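A short worksheet on the structure shown next.
Just so it is clear, none of the values below were taken in a lab; they were calculated from the coordinates. These figures come from a predicted structure and were not determined experimentally. Cβ atoms come from the backbone with ideal geometry, glycine included; neighbour counts cover every protein chain shown.
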Amino acid sequence: MPKCAHCGRRLPLLSFRKQTCQWCVQHAAAQRGEVGEDAIQQIMPAPWARGGITRPVTQAIFGMNVAVFLGMVLAGSSILDPTTQQLIHWGANAGRLTLAGEWWRLVTSMFLHVGIVHIALNMWCLWSLGALAESLYGPWMFGAVYLISGVGGSLASDAWRPYGVSAGASGAIFGLAGALIASYRLGEFSAPSTVVSGTFRSILAFAGYSLVLGGFSSRTDNAAHIGGLVTGAFLGALIALATPHRGAIGVRIGIVAVGIAVVAGAGFWVEQAHGLEMRVDKANDLLRRNQPDQAIMELQKIVQRNPRLVSAHFGLAHAYFIMRRYPEAEAELKRVVNIAHDNGEAIYELGMTYLNENRLADAKTLFEGWIARAPKVVDAHYGLGVTLRNAGDCEAAIHEYNTALQLAPQAEGVYYEIGKCYNRLKQWDAAIESFTNEQKLNGDDEDIETGLAEAYTAKGLAIKANDAKHKAEQLAKNAGQESDD
């Protein structure tokens with residue numbers, strides 16, 4: 001690392017031919033009378049030696065973090081371990097939401113913490129590192145390094161764990177650590193050994209604790225730590241290379257602009273890698289909330305951007321199916337099968353679409369072809385069983401259902417379908433046994449009780465039939481109340 005031959009200051013990284021720093025050159029010129037006296041630098045103590053230093057940005061960030069934490073606690077969140085839903089409500093970085101368009105979470109998550117231990121550790125490190133960083137860089141450059149590093153850490157988290165949820169200032173604090181290390185190693189920020197060793201001890205303690213904890217806790221986000229560290233180191237290197245002109249407003253704006261451009265480029269890359277899948281998930285959430293029209297609009301936009309995205313076509317088909325727009329559902333499912341020939345979900349849903357259109361021959365051909373290609377697929381035998389039952393061939397349907405049970409004895413709904421077939425065949429005891437088996441496997445269900453009531457009535461077991469009817473009515477009522485909630 002090049003140093004000034006006169007004062008020992010570190011020179012910028014690419015200053016191999018320089019032997020004297022800008023300050024010594026300027027001072028010598030002033031002594032010779034070649035420049036005005038105002039060019040002589042004012043002798044000032046180093047930042048770490050000054051008394052009464054104000055840290056307005058550090059204090060503001062500290063206060064905002066504490067205020068948000070207190071707000072969460074007063075609103076009912078746990079002081080030790082808030083839930084994931086509470087964190088998301090308060091602005092945590094959830095990849096499936098952030099990459100689907102809620103980009104503000106990249107910033108808000110930096111002021112959110114997962115319990116009092118989390119915020120206590122982060123605020124201790126912020127107060128320690130922020131004091132030195134803000135005194136070296138100045139308040140505005142310090143704030144820019146903090147925010148850009150935090151966003152870089154949040155993006156790294158989304159890239160590494162797109163379905164995860166993260167919160168905390170540690171990505172930004174790691175950014176401060178990276179910036180200080182880079183500035184010290186590459187620039188002229190020389191400091192007494194006691195200051196350097198103390199600062200680096202704080203950095204190493206914070207980094208070591210956070211990274212080691214991340215190896216044992218799924219809630220510690222090392223991707224954000226590393227992303228913030230790298231982003232901060234990059235900015236710190238730019239600041240060091242800009243020495244001794246870092247005070248010029250144009251240089252500062254340029255450094256911030258480059259940092260923002262790099263982080264924006266990283267955001268674009270992460271969005272391209274995961275963003276469409278996250279938008280598909282968001283559209284599927286709309287379907288679950290019974291908003292199929294909005295889901296269809298969103299999914300149509302997605303398939304326009306990527307016509308070969310299987311999950312988007314499948315979600316669109318599911319939305320059309322819910323709305324009974326079967327021809328459109330069929331078209332989307334065929335697109336899925338054309339893209340991914342062995343997509344079992346799409347083949348099964350296509351068969352169910354045929355059945356809802358009463359195209360029994362097409363459904364039978366589809367399922368038989370599937371069984372020929374993959375004889376051990378449970379859904380293929382189940383789908384063929386439903387098709388045969390709809391066609392009135394209950395004995396053949398029972399054979400397919402039993403094959404499905406041999407492949408997957410715990411398969412949901414198969415015993416129920418067998419019971420329906422036995423009711424049609426008027427084999428009441430076999431029907432009751434099948435419905436009871438389904439009940440043992442998957443619990444009470446309105447349709448099971450209705451099937452049992454039919455079989456009990458046919459056998460003349462009036463009391464059991466009435467009990468089953470009453471239970472079916474109660475289950476239907478409970479289901480209606482849950483859907484209203």
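Considering only the other residues whose Cβ falls under 13 Å of the Cβ of VAL263, what net charge follows from Lys and Arg at +1 and Asp and Glu at -1? It works out to a net charge of -2.
For the range 259-402, what is the charge dipole size about the Cα centre, in debye to the nearest 20, if Lys and Arg each add +1 at the Cβ and Asp and Glu each add -1 at the Cβ?
Computed about the Cα centre, the dipole is about 320 debye.
Computed on the Cα atoms alone, the convex hull of the range 320-446 gives a volume of 109 cubic angstrom per residue.
Taking other Cβ atoms within 10 Å as a rough exposure proxy, ILE347, ILE116 sort from fewest to most as ILE116, ILE347.
Each residue of the range 155-172 is assigned a 3J(HN,Hα), and the resulting list reads 5, 4, 4, 5, 5, 7, 10, x, 9, x, 10, 9, 7, x, 8, 5, x, 5 Hz, derived from the Karplus form 6.51 cos²θ - 1.76 cosθ + 1.60 (θ = phi - 60°), x at Gly and Pro. The distance separating the Cα centre of the range 256-279 from that of the range 406-440 comes to 53 Å.
In terms of surrounding Cβ atoms within a 10 Å radius of their Cβ, ARG335, ARG305 rank from fewest to most as ARG305, ARG335. Oblate is the label for the range 374-445, because the ratio a/c of its alpha-carbon gyration tensor axes (a ≥ b ≥ c) is 1.5 or higher and a/b is not greater than b/c. Taking the alpha carbon gyration tensor of the range 423-462, multiplying each eigenvalue by 5 and rooting it gives semi-axes of 17, 11, 8 Å, largest first. Computed from phi, the 3J(HN,Hα) profile of the range 107-121 under the Karplus parametrisation 6.51, -1.76, 1.60 (θ = phi - 60°) reads 8, 4, 5, 5, 10, 10, 9, 9, x, 5, 5, 4, 6, 4, 5 Hz, with x in place of Gly and Pro.
In the range 290-357, what is the volume of the convex hull around the alpha carbon atoms, normalised per residue and reported in Å³? Show your work: numbers first, answer last.
Details: hull volume 4.7 nm³, N = 68.
Hull volume normalised by residue count: 70 Å³.
3J(HN,Hα) couplings calculated from phi for the range 401-409 with the Karplus curve 6.51 cos²θ - 1.76 cosθ + 1.60 (θ = phi - 60°) are, in sequence order, 5, 5, 4, 4, 5, 4, 6, 8, x Hz; Gly and Pro show x.
Overall form of the range 413-485: oblate. Here a/c, set by the Cα gyration tensor axes a ≥ b ≥ c, is 1.5 or more, and a/b is not larger than b/c. Here TYR382, TYR416 are placed in order of increasing Cβ neighbour count within 10 Å, fewest first, which gives TYR416, TYR382. Normalising the average separation of contacting C-alpha pairs (under 8 angstrom, six or more residues apart) by the number of residues puts the relative contact order of the range 70-162 at 33 percent. Amide H contacts of ALA94 (H built 1.01 Å from N, in plane; Pro and chain starts excluded): SER166 sit under 5 Å, all sequence-distant by 5 or more or on other chains. Taking only the C-alpha atoms of the range 61-161, the Rg (one decimal) and the largest Cα-Cα distance, Dmax (whole number), read 14.1, 40 Å.
About its Cα centre, the dipole of the range 397-460 is roughly 320 debye, where the only charges are +1 on Lys and Arg Cβ and -1 on Asp and Glu Cβ.
Of the cross-linked pairs LYS364/LYS459; LYS364/LYS440; LYS376/LYS471; LYS364/LYS464; LYS334/LYS376, which ones have a Cα-Cα span greater than 27 Å in the structure shown? Cα-Cα > 27 Å for LYS364/LYS459; LYS364/LYS440; LYS376/LYS471; LYS364/LYS464; rest within.
For the range 376-429, the dipole from Cβ point charges (+1 on Lys and Arg, -1 on Asp and Glu) about the Cα centre works out to 80 debye, to the nearest 20.
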